[in-house]
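Everything on this sheet refers to the single structure shown next.
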Amino acid sequence: MKIDLNTICLMFGILFSTAIYAQDNNKDLVYLNSGEIVSGTLVEIAYPRHVRLMVEDQYLEPFLFKDIDKIIQNQMYDDPFDVLYMVSGERTIGIILQINPNDFITFIPDHLGDTVCISHEKVKRIFHKKENIERKLNAVYKGDHHYFSISPGIEFAHGRIGLSFQYRVGGDFGVGMYVRGGFNLAFLFGPEPYYNVGLKLYFLNSFYINGGYGIIGHYEERIPPYTSIEDRRTASVEGFTARIGADHFFNKSFGLNIAMGREIPIEKETIDPKFLFDMGVIFKFPIRKHRNQSKKK
């Protein structure tokens, strides 16, 4: 079957649109009277004044209820976290699915399990439980991969210690650019400096493959006429490295790195290729993204 270029472009367009829809479908949505649709994480419902969304790890400016057509809450958790305080004095805990200002609230009470519509006239105020808001904020934060990191570590294969500096962008699939330097402690004549620069390709959030180039080893070079110990010196060998590993973060700023791979020297007659095993800790410094502009569809 022959497939032309237009068909291929159409297929990619459909796949891309489906991916965007699926991504937005997992976010809370605020439909404004102006026709604009804002997607993010619903972190505050100050009824009947305003609501507030978070995009990535930044708060947007509050949206006033008078400017809102409807609110759809798509991010759900096991424990109910919305509390409706009624004009009658009663309190109802459950999950808000949709808010239509000046009309009704679509709500799932905690113990009933059935969706009900509650008139706005019966609701005095709405409250988001703080522990669940924190859970939302953490979930959003884990999706933020725009950061700078410092990672001290050791390469067990060579007895090296070093310090790595990295800048990463992207989401579950991202790119990290790094430079690493340190000392080879296992060499005959004492600590010798080494360096490595390269690129990491991240997948599934934490895992990566990377390639780099730099000084990967040292050897003893003899200088004619070889009559004394002064006729020897340390020479560096440059080459390529390839690794597969993972960066795992225990919280917002601290994690652990582990990787394994192989190095290939350019001058193979000086040192042999060798397998690598690296381990280190990571200190992450997130770079805040100021996303005060709304997203339009």
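Residues in the range 14-30 that are open to solvent by less than 30 Å² (accessible area, probe 1.4 Å) and at pLDDT below 80: Asp24 only.
Scanning the range 31-46 for residues that are surrounded by fewer than 19 Cβ atoms within 10 Å (Cβ to Cβ) and touching a residue at least 12 places away in the same chain (Cβ under 8 Å), we see that the one that is nearest to Lys124 (Cα to Cα) is Ala46.
Listed here are the residues, each with its yes/no results for (1) modelled with pLDDT under 90; (2) in contact with a Gly (Cβ under 9 Å, 6 or more places away or on another chain); (3) not in a loop (DSSP other than H, G, I, E, B).
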{"position": "Asp78", "(1), (2), (3)": "yes, no, no"}
{"position": "Ser88", "(1), (2), (3)": "no, no, no"}
{"position": "Gly113", "(1), (2), (3)": "yes, no, no"}
{"position": "Arg125", "(1), (2), (3)": "yes, no, yes"}
{"position": "Ile133", "(1), (2), (3)": "yes, no, yes"}
{"position": "Asn138", "(1), (2), (3)": "yes, no, yes"}
{"position": "Asp144", "(1), (2), (3)": "yes, yes, no"}
{"position": "Ser149", "(1), (2), (3)": "no, yes, yes"}
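Within the range 41-73, being in contact with a Leu (Cβ under 8 Å, 6 or more places away or on another chain) and in a loop (DSSP other than H, G, I, E, B) holds for Arg49, Asp57, Leu60, Gln73.
Any residue in the range 274-286 that's in a strand (DSSP E or B): show its pairings with residues that are charged (D, E, K, R) and open to solvent by 40 Å² or more (accessible area, probe 1.4 Å) at Cβ separation under 9 Å, as long as the two are six or more apart or on different chains. Partner pairs satisfying both residue conditions: Lys274/Arg262; Phe275/Arg262; Leu276/Arg262; Lys284/Lys252; Pro286/Lys252.
I'd like to know if the range 174-184 contains one or more residues that are open to solvent by 50 Å² or more (accessible area, probe 1.4 Å) and modelled with pLDDT under 80. No, because not a single residue in the range 174-184 is open to solvent by 50 Å² or more (accessible area, probe 1.4 Å) and modelled with pLDDT under 80.
For residues that are open to solvent by 60 Å² or more (accessible area, probe 1.4 Å) and more than 20 Å from Asn102 (Cβ to Cβ), scanning just the range 57-74, find the one that is farthest from the chain's Cα centre (by Cα). Ranking the candidates gives Glu61 first. Being over 25 Å from the mean Cα position of the chain (by Cα), without any contact (Cβ under 8 Å) to a residue 24 or more places away in the chain and open to solvent by less than 30 Å² (accessible area, probe 1.4 Å) narrows it down to one residue among Ile96, Ile105; which is it? Step by step, each of Ile96, Ile105 is checked, and only Ile105 is over 25 Å from the mean Cα position of the chain (by Cα), without any contact (Cβ under 8 Å) to a residue 24 or more places away in the chain and open to solvent by less than 30 Å² (accessible area, probe 1.4 Å).
Summed over the range 151-167, the residues that are part of a strand (DSSP E or B) and either farther than 17 Å from Ile258 by Cα or open to solvent by 40 Å² or more (accessible area, probe 1.4 Å) (or both) give a count of 6. Is one or more of the residues making up the range 205-220 modelled with pLDDT under 95, among the β-branched types (Val, Ile, Thr), surrounded by 13 or more Cβ atoms within 10 Å (Cβ to Cβ) and part of a strand (DSSP E or B)? Yes, that holds for at least one residue.
The values are calculated or read from the model by the stated rules, or taken from the named source; none is laboratory data. Just so you know, these numbers come straight off a predicted model, no measurement behind them. All Cβ positions, glycine included, derive from the backbone under ideal geometry; neighbour counts span all protein chains shown. Ligands, DNA and RNA are excluded from the accessible area calculation, which covers all protein heavy atoms including side chains. Shrake-Rupley method; radii C 1.70, N 1.55, O 1.52, S 1.80 Å.
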